[in-house]
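Data first, discussion second: the structure below is written as structure tokens.
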Amino acid sequence: MHEYEAFRAFQEGSHLLESANPHAAATALERARDLEPSQASVREALARAYYASGRVLDAEAEFHAAARIDPVNDYAHYGLGLCRLRVGDRAGARGHLRLAVAMRPDPEYRRALDRAIADRP
């Protein structure tokens, strides 16, 4: 039964995130995470909600969890890179962003990596 509840909370949170309501999305996605903590998709979505809410350190923790569960999750590494950029850790950002670009050469990933490289002291 809790799998169904987790799925419903994930759906609700994903919808709220898509409709630009990250604070409400985080609440729903926290419920999903608490019910299914080993689901990388839930952890990634919660990280996205936290990041969009300005909760960068919480986002980073959830992106880390998603990457531990699924090491080839390119978006989790991209998110980790963005979090590191946001807190001023360009070296840490470059490592995760290089991984993301290597896994999936998305132009958005590349632009973030270029920002991390261009801002090198």
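If you take the alpha carbon atoms of the chain and fit the smallest convex hull around them, that volume is 89 Å³ per residue. Residues Leu57, Leu80, ranked from the fewest to the most other C-beta atoms within 10 Å, line up as Leu57, Leu80. As a proxy for reagent exposure, Val42, Val72 were ordered by neighbouring Cβ count within 10 angstrom, fewest first; the result is Val72, Val42.
A dipole drawn for the chain from +1 and -1 charges on Cβ atoms has a positive end, and of Ala76, Ala32, Val101 the residue lying farthest that way is Val101. Positive end of the dipole of the chain (Cβ unit charges, origin at the Cα centre): among Ser53, Ala6, Asn21, the Cα lying farthest that way belongs to Ser53. With +1 on each Lys and Arg Cβ and -1 on each Asp and Glu Cβ, how big is the dipole of the chain about its Cα centre, in debye rounded to the nearest 20? Dipole size: approximately 620 debye. The alpha carbon convex hull volume per residue for the range 1-68 rounds to 58 Å³. In the chain, the DSSP-assigned H stretches of four residues or longer account for a calculated mean residue ellipticity at 222 nm of -26000 deg cm²/dmol, using -39500 (n - 2.57) per stretch and the full residue count as denominator.
The Kirkwood radius of the range 72-121, taken over pairs of alpha-carbon atoms, gives through the Stokes-Einstein law at 20 °C and 1.002 mPa s a diffusion coefficient of 213 µm² s⁻¹. In plain terms, the residue of Ser19, Ser14 with the fewest other Cβ atoms within 10 Å comes first and the most crowded comes last, giving Ser19, Ser14.
Computed over the range 51-90, the percent of Cα pairs more than 11 Å apart is 57.
Just so you know, all these numbers are worked out from the coordinates, no wet-lab data involved. Just so you know, these numbers come straight off a predicted model, no measurement behind them. When we count neighbours, we look across all protein chains shown, and the Cβ atoms used for this are built from the backbone with ideal geometry, even at glycine.
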